[in-house]
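Trainee: Below is one structure. I have some questions about it.
The values are calculated or read from the model by the stated rules, or taken from the named source; none is laboratory data. Predicted model only: the values in this text are computed from it and were never measured. Don't worry about glycine lacking a Cβ; one is built from the backbone with ideal geometry, like all the others, and counts go over all protein chains shown.
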Amino acid sequence: MTNLEDLPEEEREIVALVRRFVDKDVKPTVQELEHANTYPEQQIEKMKKLGVYGLAIDEPWGDGKVSTACYVLVTEELARGWMSLAGAMGGHTVVAKLLQDYGTAGQKEKYLKRMATGELRATMALTEPGGGSDLQNMRTTARPDGSSYRVNGSKTWISNARRSGLIALLCKTDPDASPAHKGVSILLVDKEEVGDRLTISRDLPKLGYKGVESCELVFEDMVVPGDAVLGGVEGQGFAQMMRGLEVGRLQVAARALGVARAALEDALAYAQERESFGVPIWQHQSIGHYLANMATKLTAARQLTLHAAQVYDSGRRADMEAGMAKLFASEVGMEIALDAIRIHGGMGYSTEFDVERYFRDAPLMIVGEGTNEIQRNVIAKQLVQRNSVAP
């Protein structure tokens, strides 16, 4: 099992660097930015300088990708400060992985160097207004038009849509294919190339996950070059994206770890400072037991997530492990966030304390990157496939 102390020294320093950034630059400013729903421009620029946007990008385009375990721990640190900052680099990393694993030589040269520095940011466009987690039922199409594709359709809940210059768009290049997933491709939509046929219609209002935009996208006869198909071959997009989502779900699990850790740290500090009946409240058994359960759940969720990261780095299929990590960590994150409010009592309901933000941010990880109900389906299917009983 990989823990922080098991990482190479260089990767441990990367995690420590991000931790210092969070403590110095994020925590002192997050409450004001979050309550005002202000885009964290300065923090994003510092993340670029720290190399956060290049963590998944190898040489010669970047400084060398880190292990997935290191990436998970960096994400946890960012989310400990503000979950929105981790979200600001989540989809970008998935697209970087997709390009490295499946992109043509030309696609890699065109995008990866700029992505590594954060000069070019990327996002994914999967979910549709009427589709939710049923990706094979998407209606967005890309039909051949000479040497190009003409794209029509819409996507929703697209994070970082306004500030990303590259969109990995999951769409149907063969709407009549059977089974449906064989007609799905990923198009690399470069905003500089598509003009006004791509409309970012609005920013969606949200309970939490403030500061970073989540938008609706509309494509109306948007023309995309023929060489924009990821890997250069149609019909492989669904399998490509499923592999990419293994990283995406690990990232969401790590975000949940960060929120849960922040909630536990705040609750632990408050329980030592606040007194009732002449003693710090942690000495009351009910509060002490809350803290014990919170710490135990968080430790278990982190180990499960790091195990899934290790499986992914081994090259093996990791959809079951990533699904388990995302499922468990997100549920634990929600439970710990609520318990932190319980420990704070009435103050936990006040916007003057950060625990109310953790409680608003935590549900996103339950429904994002495939709902937990979908995760259970993935886990069950893989359990049966890996442990099939011969008739």
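Trainee: Test of understanding: among Leu135, Leu120, which residue is farther than 29 Å from Leu33 by Cα, hydrophobic (A, V, I, L, M, F, W, C) and in contact with a Phe, Trp or Tyr (Cβ under 8 Å, 6 or more places away or on another chain)?
Mentor: Details: Leu120 fails: farther than 29 Å from Leu33 by Cα.
Answer to the check: Leu135.
Trainee: Give me the pairs: first residue in region 269-290 and more than 22 Å from Glu335 (Cα to Cα), second residue exposed (fewer than 15 other Cβ atoms within 10 Å of the Cβ) and among the polar types (S, T, N, Q), beta-carbon distance under 8 Å, and six or more apart or on different chains, which are they?
Mentor: Qualifying pairs under 8 Å: Pro280/Gln272.
Trainee: Considering only region 1-42, state which residues are touching an Asp or Glu at 6+ places or on another chain (Cβ under 6 Å) and of a type outside the set (A, V, I, L, M).
Mentor: Arg19 - this is the single residue of region 1-42 that is touching an Asp or Glu at 6+ places or on another chain (Cβ under 6 Å) and of a type outside the set (A, V, I, L, M).
Trainee: Can you tell me how many residues in region 13-40 are farther than 22 Å from Gly208 by Cβ and either touching a Gly at 6+ places or on another chain (Cβ under 8 Å) or in the same structural domain as Glu352 (by TED's automatic domain parsing) (or both)?
Mentor: Filtering region 13-40 for residues farther than 22 Å from Gly208 by Cβ gives 13-17, 19-20, 24.
Retained after the next criterion (residues that are either touching a Gly at 6+ places or on another chain (Cβ under 8 Å) or in the same structural domain as Glu352 (by TED's automatic domain parsing) (or both)): 14.
Within region 13-40, residues that are farther than 22 Å from Gly208 by Cβ and either touching a Gly at 6+ places or on another chain (Cβ under 8 Å) or in the same structural domain as Glu352 (by TED's automatic domain parsing) (or both) number 1.
Trainee: Now, a different point. Evaluate region 335-349: report whether one residue or more is of a type in the set (A, V, I, L, M), more than 23 Å from the chain's Cα centre (by Cα) and within 19 Å of Trp82 (Cβ to Cβ). Full working, then the answer.
Mentor: Just the residues of region 335-349 that are of a type in the set (A, V, I, L, M), to begin with: 336-338, 340-341, 343, 347.
Then keep just the ones that are more than 23 Å from the chain's Cα centre (by Cα); that gives 340-341, 343, 347.
Next, only the ones that are within 19 Å of Trp82 (Cβ to Cβ) stay: 340-341.
Within region 335-349 (the criterion being of a type in the set (A, V, I, L, M), more than 23 Å from the chain's Cα centre (by Cα) and within 19 Å of Trp82 (Cβ to Cβ)), the answer is yes, since at least one residue qualifies.
Trainee: Among the numbered criteria (1) without any contact (Cβ under 8 Å) to a residue 60 or more places away in the chain; (2) closer than 30 Å to Leu169 by Cα, which single criterion is violated by Pro28?
Mentor: (2)
Trainee: Please specify each residue of region 198-216 satisfying the condition of being more than 19 Å from the chain's Cα centre (by Cα) and of a type outside the set (S, T, N, Q).
Mentor: The first filter runs over region 198-216 and keeps only residues more than 19 Å from the chain's Cα centre (by Cα), leaving 198-202.
Answer for region 198-216, where residues must be more than 19 Å from the chain's Cα centre (by Cα) and of a type outside the set (S, T, N, Q): Leu198, Ile200, Arg202.
Trainee: Can we say Arg150 is at pLDDT 95 or above and basic (Lys, Arg)? Lay out the reasoning, then the answer.
Mentor: Working: at pLDDT 95 or above: yes; basic (Lys, Arg): yes.
Considered against the rule, which asks whether it is at pLDDT 95 or above and basic (Lys, Arg), Arg150 comes out as yes.
Trainee: Mind listing just one residue for me: the one in region 364-382 that is more than 21 Å from Leu207 (Cα to Cα), of a type in the set (A, V, I, L, M, F, W, C) and modelled with pLDDT of 95 or more and, of those, surrounded by the most Cβ atoms within 10 Å (Cβ to Cβ)? Steps first, answer last, please.
Mentor: Applying the first criterion (more than 21 Å from Leu207 (Cα to Cα)) to region 364-382 yields 374-382.
Applying the additional criterion that residues be of a type in the set (A, V, I, L, M, F, W, C) yields 374, 378-380.
Now drop any that are not modelled with pLDDT of 95 or more, which leaves 379-380.
Numbers: Ile379: 18, Ala380: 12.
Per the criteria, the residue is Ile379.
Trainee: Being more than 30 Å from Ala16 (Cβ to Cβ) and not polar (S, T, N, Q): is that true of Arg121 here? It would help to see each step written out before you state the result.
Mentor: Details: more than 30 Å from Ala16 (Cβ to Cβ): no; not polar (S, T, N, Q): yes.
Answer is no for this residue.
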